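Below is one structure; the comments refer to it alone.
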Amino acid sequence: MPKQASHKLQTHRLDLSRGLREAAAEVCRRVPDLGHVDVEQVQFALFYSRRAQRVLTYARCYPLPTGLRRIRKRWYRLTTVHTEAGLEARYILAFAWTRFWTLEPRERLEVLVHELYHISPDFNGEPRKFATGSWHGPGRDWFDRQVRFMSEKYLPRRLENQFPALSVRLHDGLKVSGQRLQVPHWVAIAPDAQEVAS
């Protein structure tokens, strides 16, 4: 991460991770299809990526499945991720610094709804499953229409202005903090545990 961006994330003024969690809690309270999401078990993180700037990535959802996975005859588990409260996270919602904050506040709210909608109704660390097998169901356009419908029906205009993390404007003097994204990875379990798992 460039030094300038790193400095901005370390200087505490507006905690974007906490602010996004607060906004997500209100969204999930209002939108029936998102009522299963426990935001206290979701980590809200920030990431910086030159590729994200190029391909117009604003945010990402990282499911955190529990249990073991068999990969090439060996068993692996996913590294544990914790929320700010110390709870084991079921998901990570990561937002691109600074690209996400170049959007208009209402667009930021819709991106937040989009990422929350990827969370399984079972809240089990898996992505929402569709019959097509795709994260976006029949297609990205269809998925975006669902997000827009939920946003327009359940989230009144100017709701986004109640949350500084969604409404703040970027400027030179802005000082923010936030949880840095640390992407989890699969690690092989000990040899003796491999035998038990098999």
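Checking the conditions here, which among PRO164, PRO184 is under 25 Å from GLY19 (Cβ atoms), in contact (Cβ under 8 Å) with a residue 12 or more places away in the chain and touching a Ser or Thr at 6+ places or on another chain (Cβ under 8 Å)?
Testing whether each residue is under 25 Å from GLY19 (Cβ atoms), in contact (Cβ under 8 Å) with a residue 12 or more places away in the chain and touching a Ser or Thr at 6+ places or on another chain (Cβ under 8 Å) leaves just PRO184.
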Inset, instruction - Determine which member of the set ARG70, ARG51, ARG21, ARG106 is modelled with pLDDT under 90, in a helix (DSSP H, G or I) and of a type outside the set (S, T, N, Q). - result: ARG51
Legend entry - Meets criteria (under 18 Å from VAL31 (Cβ atoms) and either assigned to a strand (DSSP E or B) or not small (Gly, Ala, Ser) (or both)) for ARG145: yes
Inset, instruction - Would you point out which residue out of LEU174, LEU116, LEU112 is part of a loop (DSSP other than H, G, I, E, B), touching a residue at least 40 places away in the same chain (Cβ under 8 Å) and not β-branched (Val, Ile, Thr)? - result: LEU174
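Suppose we filter THR66, THR83, THR102, THR79 for residues that are polar (S, T, N, Q) and surrounded by 14 or more Cβ atoms within 10 Å (Cβ to Cβ); which single one remains?
Matching residue, one of THR66, THR83, THR102, THR79: THR83.
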Inset, instruction - Could you tell me which of the residues ALA94, ALA165, ALA85, ALA131 is in a loop (DSSP other than H, G, I, E, B) and within 20 Å of VAL39 (Cβ to Cβ)? - result: ALA85
Inset, instruction - Look through GLY133, GLY86, GLY125 and report the one residue that is touching a residue at least 40 places away in the same chain (Cβ under 8 Å), at positive phi and not polar (S, T, N, Q). - result: GLY125
Inset, instruction - Exactly one condition in (1) modelled with pLDDT of 95 or more; (2) part of a helix (DSSP H, G or I); (3) of a type in the set (Asp, Glu) is not met by ASP192; state its number. - result: (1)
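The values are calculated or read from the model by the stated rules, or taken from the named source; none is laboratory data. Here the structure is a predicted model, which means the values were calculated and not measured. A quick note on method: Cβ atoms are made from the backbone with ideal geometry, for glycine too, and the neighbour counts reach across all protein chains shown.
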